[in-house]
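Worksheet: one structure, shown below.
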Amino acid sequence: MTATTATAAPRGRPVRARSSRDDRQMLAFMGVIMLYLVIALALPLYAILSKSFQNKDGEFVGLANFLEYFNTPALTHSIQNSLTIAVITTLISVSIAFTLAYGLSRSCMRFKGTFKVIAMVPILVPSLLPGIALVYLFGRQGMIRELLFGHDIYGPIGIVISEVFFTLPHALIIIMTALSIADARLYEAAESLNASKLRTFFTVTIPGARYGLISAAFVVFTLTITDFGAPKVIGGGYNVLATDIYKQVIGQQNFEMGAVVSLILLLPAGIAFMVDRIMQRKQVALLSARAVAYEPKPSPLFDWIMFAWAAVVSVFILTILLTCQYAALIKFFPYNLSLSLKNYQFDLMDGGGWASFYNSLELAGWTAVVGTAVVFLGAYMVEKGKGFHAGRALFQFLAMLPMAVPGLVLGLAYIFFFNAPDNPFNFIYHTMAILVISTITHFYTVAHLTAVTALKQMDPEFEAVGASLKSPFYRTFSRVTVPVCLPAILDISIYLFVNAMTTVSAVVFLYGPQTSLASVAVLNMDDAGDIAPAAAMGMMIFYTNAGMRIVHGLLSRGVLRKTQSWRNR
């Protein structure tokens, strides 16, 4: 016993020393990524805050800009418009998403997989595209404008329809997840107590999914109130906060007032985000170790009703998409409806030409590669590192902050910070680098949460065993952590790629003559009256994202078959 103890003791000291060295190295890596978040997020936000208290000469004027804003009725009316649009869209989108999710998870209707795929289509297109489709459908020369019974599509009606199309898949994903976590024993108990289906719905289903519904509502509200694309294309004279920022900066070069509107827009988005986080913390585990998975039972009438509803939603989504495809292929609507590819001759249009599309591909590629590496490394250092609790808490705060910052606010903040002559990073302004940095930062939070969720599923014993074998942390990271978390890593990469292709709000202020993007080209061509070419460019974005989704799925299946075989018995 003594000999064993004497032998074990010396072995413990090198392990602790190596572990301590690994901790210092991991903290150093975390510090580098935290520095990135400070430079790419915290300092630009401070710059926009400072700008709101200055005049055109850079002199401190206190609240003068805010007083001017609230004394301008045309500007303050935009707050009411934004809140109205956001509330109406939230009610409609969450209602549609819940009914569809309920049918997909609680019925035995046919073609569930097809309906799910169609419901996810809006994620693959920029938010400007539904507005363009509505112009062709319900505009002054629209194909079915009579269905509006004399109402004008340019304004709140068009914005709400576009935002419902844009936000529906986001709400559906959240609600589907909430409804999938159901214990069949609760429904069996309700049935044994002779509770009606309606009472079971309100006493079992709704309480079990309430946090998902609340989260979906706040996500839809935030996406709507911060969206720029739909109001810009179909809003007409109906001003909202997002378009006010664009008009103040691009139209009037009034950067100080643009900063004021940005902070006002940041307020409701930030409040919605914080309330959502508080509600998520209150959520408790709905499944116990003895839970029984819920399996819906066939009910012909209910199944057909849910099938009909899913079909209606699918027709709505496909109508928007196919209308844009039709607009991209006809010569001159509504006078010459013959088919042609001339609208794809982007080099003959105002907006950046084919170069803007290739720039978007480059942006999406760099964002997916660099962003995935930065996000996953940062999440690993925070989740698996030890010590420096205050620093890790600060890192978590910085990682969550982008979710509450609208893209337009972030883009304007980058102007104030990176365009400052005395900023040592001024050289990246109007380059591809600043577009990549802004895009990664804009979509950092969701990617970070995905990585953290995957890392939390791994037992800390992996790192402990690696340390006991005197293996440096980066070897355990590359040989164990990355292969195990590869599904999450691939999901992060495709998430960043798709959003880099479709984003417009965060980059509309930052592109240069040589770095115009496809999504910005859609905006510029629509402004110039080239609506059909704008639809064609929007469809090119859709083709690219859909193709990448397919390639991602095929490659993932092969890669995961090799690296995830341990999951199967």
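The values are calculated or read from the model by the stated rules, or taken from the named source; none is laboratory data. The structure displayed is predicted, hence computed values, not measured ones. Ideal geometry is used to build each Cβ from the backbone, glycine not excepted, and the neighbour counts take in all protein chains shown.
Taking Phe66 and the conditions (1) surrounded by fewer than 20 Cβ atoms within 10 Å (Cβ to Cβ); (2) modelled with pLDDT of 90 or more, which numbered condition does it fall short on, given that it satisfies the others?
(2)
Can you spot a residue in region 191-202 that is in a helix (DSSP H, G or I) and either modelled with pLDDT of 85 or more or surrounded by 20 or more Cβ atoms within 10 Å (Cβ to Cβ) (or both)? Even if it seems obvious, please write down each step before you answer.
Here is the first cut: in region 191-202, the residues in a helix (DSSP H, G or I) are 191-192, 197-202.
This time we only want the ones that are either modelled with pLDDT of 85 or more or surrounded by 20 or more Cβ atoms within 10 Å (Cβ to Cβ) (or both), so: none.
Looking through region 191-202, none of the residues is in a helix (DSSP H, G or I) and either modelled with pLDDT of 85 or more or surrounded by 20 or more Cβ atoms within 10 Å (Cβ to Cβ) (or both).
Any chance region 20-34 includes a residue that's over 29 Å from the mean Cα position of the chain (by Cα), more than 22 Å from Ala373 (Cβ to Cβ) and either modelled with pLDDT of 85 or more or charged (D, E, K, R) (or both)?
yes
A quick yes/no check of all residues on (1) within 26 Å of the chain's Cα centre (by Cα); (2) assigned to a helix (DSSP H, G or I); (3) surrounded by fewer than 21 Cβ atoms within 10 Å (Cβ to Cβ):
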| site | (1), (2), (3) |
| --- | --- |
| Glu146 | no, yes, yes |
| Gly150 | no, no, yes |
| Phe165 | yes, yes, no |
| Ile174 | yes, yes, no |
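Just one of the numbered conditions (1) at pLDDT 90 or above; (2) more than 15 Å from Leu241 (Cβ to Cβ) is not true of Gly58; which one?
In the conditions (1) at pLDDT 90 or above; (2) more than 15 Å from Leu241 (Cβ to Cβ), Gly58 misses (1) alone.
Within region 113-132, is even one residue at pLDDT 90 or above and of a type in the set (D, E, K, R)?
yes
Hey, which of the helices (runs of 4 or more DSSP H) in region 318-427, taking only ones fully inside, have at least 3 residues that are under 18 Å from the mean Cα position of the chain (by Cα) and free of Cβ contacts under 8 Å to residues at least 60 places away in the same chain?
On the way: elements: 353-384, 389-400, 407-418.
Where helices (runs of 4 or more DSSP H) fall fully within region 318-427, none carries at least 3 residues being under 18 Å from the mean Cα position of the chain (by Cα) and free of Cβ contacts under 8 Å to residues at least 60 places away in the same chain.
Mind listing just one residue for me: the one in region 244-263 that is of a type in the set (S, T, N, Q) and either in contact (Cβ under 8 Å) with a residue 40 or more places away in the chain or over 16 Å from Ala74 (Cα atoms) (or both) and, of those, surrounded by the most Cβ atoms within 10 Å (Cβ to Cβ)? Show your work before the answer.
Filtering region 244-263 down to residues of a type in the set (S, T, N, Q) leaves 248, 252-254, 262.
Checking the rest, the ones that are also either in contact (Cβ under 8 Å) with a residue 40 or more places away in the chain or over 16 Å from Ala74 (Cα atoms) (or both) come to 253, 262.
Working: Gln253: 9, Ser262: 29.
This residue is Ser262.
Just for region 338-352: of the residues that are at pLDDT 85 or above and not small (Gly, Ala, Ser), which one is nearest to Met143 (Cα to Cα)? Let's see the steps before the verdict.
Initial filter on region 338-352 (at pLDDT 85 or above): 338-347.
Restricting the remaining residues to those that are not small (Gly, Ala, Ser) gives 339, 341-347.
Numbers: Leu339: 17, Leu341: 21, Lys342: 21, Asn343: 19, Tyr344: 22, Gln345: 25, Phe346: 25, Asp347: 29 Å.
This residue is Leu339.
In the set Ile264, Ile245, which member is touching a Gly at 6+ places or on another chain (Cβ under 6 Å), modelled with pLDDT of 85 or more, closer than 21 Å to Ile415 by Cβ and not in a loop (DSSP other than H, G, I, E, B)?
Details: Ile264 fails: touching a Gly at 6+ places or on another chain (Cβ under 6 Å).
Exactly one residue qualifies, and that residue is Ile245.
List the pairs whose first member sits in region 297-310 and is in the same structural domain as Phe111 (by TED's automatic domain parsing), whose second member is part of a helix (DSSP H, G or I) and surrounded by 15 or more Cβ atoms within 10 Å (Cβ to Cβ), and whose Cβ atoms are under 7 Å apart, counting only residues at least 6 apart or on separate chains?
Hits for this filter: Met306/Gly103; Trp309/Thr99; Trp309/Leu100; Trp309/Gly103; Ala310/Leu100; Ala310/Gly103; Ala310/Phe115.
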